[in-house]
Amino acid sequence: MFLTTSVHFLFLVFMGMLSLVLLLIIAVLIYSFYQYRESLHIFRWSEMINKRISEVIVYGEETSADKNFSTASGHSLFRNLFLQKLAESEKKFSGAAQHKLKDLFQEYGLQEEALKKLNQKKIHIIAGGIQELTAMNVEEALPKISTFLTHPSPQVYQEAQYAMVHFKGFEGLHFLNSFSTKISEWQQLRLLISVTSIPENSSDNIKSWVESSNASVVIFTLKLLRKFQVLSLYPSVIDLLDHPSVEVRVQAVQTLLSLENSSTIAYLMEVYPNQPLEVQKEMLKVMKKSKDLCSVDFLKDQLLKDTDSGIKVYAAEALCAMEKQDYLIEISKKETSPEELIQIIKYALQEKVC
């Protein structure tokens, strides 16, 4: 009796498990079918959208959308895809073509679709919305976008930063006043490209960024100084050669060369001994670029006395740039010259020939 009951119970458990597995299989099949249908829609819609964008760019207002396009444009998934395609296309075109894309954006009322994304919780959706509003120049969205400058996600706050600078230029950099997170190289490049001019009375703001405790803000500001040749802040750049960050010092050396002051090379030689190796190498590169003959004796000392091979290479290359090949050849022929030094000189001379 007990055995019969146990077998019956196990049978029921087995049937229950089997039913559950079947339900899961059915659910997966339904989901897969739904995904397939959605992918098919996206593929077809993408073709329709690409065709429409191409027609508008080539023919302008002379062409109108077909019935299928007009019908699909009421579907939310289609509208989001359309918005995404417009934002992507905007990066590829300029001038009149860009204006046509923005007209298309306005014609189909896609602004609301983009604005809705700013109220979402998913990070990639918010970032995408900011990108789209920026690409389509929806400046009235700027107050809302500015609230994302302090968002915890880099993906979001970087897009907000770019939007601010895209719309407001130099004025949009105000977030640097209190920004404590690292600005990536790519983000710095995006921001630099977007700043096309700086106001005449901007020195105080820029100086505060040079003195920022955030090393990446300082580095970005140095690049800004180089781009716009802000000569008045030369003394502030000099002070950065005592900065705790080696990368800041390297960027400061590059900026000093760019700002073109007759005392730069002499000052670099003066502070050279107290600098980290990486900064010293950058200083030698700057001397090579400047071709200031006041550094010749200094470079000879580095070539002959420094123990680091990299320093010797940069010193030899700098001397070559100053047309001191005869001196280098003479050194290389001395019997007392170490083999390493001879090879370094040969390398530098070969580079000069090339």
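Quick rundown of the values:
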item: Placed amide H near Ile183: partners under 5 Å, 5+ positions off or other chain; result: Ser216, Val217
item: Residue (of Cys320, Pro143, Leu83) at the positive-pole extreme of the chain, dipole from beta-carbon charges; result: Leu83
item: Burial ordering of Leu104, Leu18, Leu225, fewest other beta-carbon atoms within 10 Å first; result: Leu18, Leu104, Leu225
item: Reachable aspartates and glutamates from Lys285, criterion Cα separation under 17 angstrom, eight or more residues apart if same chain; result: Glu247, Glu260, Glu270, Asp297, Asp301, Asp306, Asp308, Glu317, Glu323, Glu351
item: GNM result for the chain, Cα springs below 10 Å: residue of Leu20, Leu142, Leu240 fluctuating most strongly; result: Leu20
item: Residue order, fewest to most beta carbons within 10 Å, for Asp297, Asp306; result: Asp297, Asp306
item: Cα-based reach from Lys92 at 16 Å (exclusive), listing lysines while leaving out same-chain residues under 8 positions away; result: Lys51, Lys100, Lys102
item: Neighbour cut-off at most 11 other Cβ (10 Å), DSSP loop, GluC sites (Glu not before Pro), the range 199-265; result: Glu200, Glu260
item: Alpha carbon centroid spacing (whole Å) that separates the range 291-305 from the range 171-217; result: 36 Å
item: Highest-MSF residue in the chain out of Leu284, Leu29, Leu189 [GNM, Cα springs under 10 Å]; result: Leu29
item: Relative contact order computed over the chain (Cα-Cα under 8 Å; 6+ residues apart), in percent; result: 7 percent
item: Burial ordering of Ile130, Ile329, Ile311, fewest other beta-carbon atoms within 10 Å first; result: Ile329, Ile311, Ile130
item: At most 14 other Cβ within 10 Å, DSSP loop - trypsin sites (Lys or Arg not before Pro), the range 240-300; result: Lys291
item: Estimated dipole of the range 90-202 in Debye, rounded to 20 [Cβ of Lys and Arg +1, of Asp and Glu -1, Cα centre]; result: 380 debye
item: Cβ-derived FRET efficiency at R0 45 Å, Ser153 paired with Tyr59, nearest 0.05; result: 0.65
item: In the range 261-354, GluC sites (Glu not before Pro) in a DSSP loop with at most 10 other beta-carbon atoms within 10 Å; result: Glu335
item: Extension reserve of the Asp297-Ser197 stretch, reckoned as 0.36 nm per residue once the Cα distance is removed; result: 32.0 nm
item: Reachable lysines from Lys289, criterion Cα separation under 19 angstrom, eight or more residues apart if same chain; result: Lys223, Lys227, Lys281, Lys300, Lys312, Lys324, Lys352
item: Over the range 76-168, relative contact order from alpha-carbon pairs under 8 Å, at least 6 apart, %; result: 24 percent
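Only the coordinates and a few stated rules stand behind these numbers; no lab work does. Note that this is a predicted model, so its numbers are computed, not measured. Ideal geometry is used to build each Cβ from the backbone, glycine not excepted, and the neighbour counts take in all protein chains shown.
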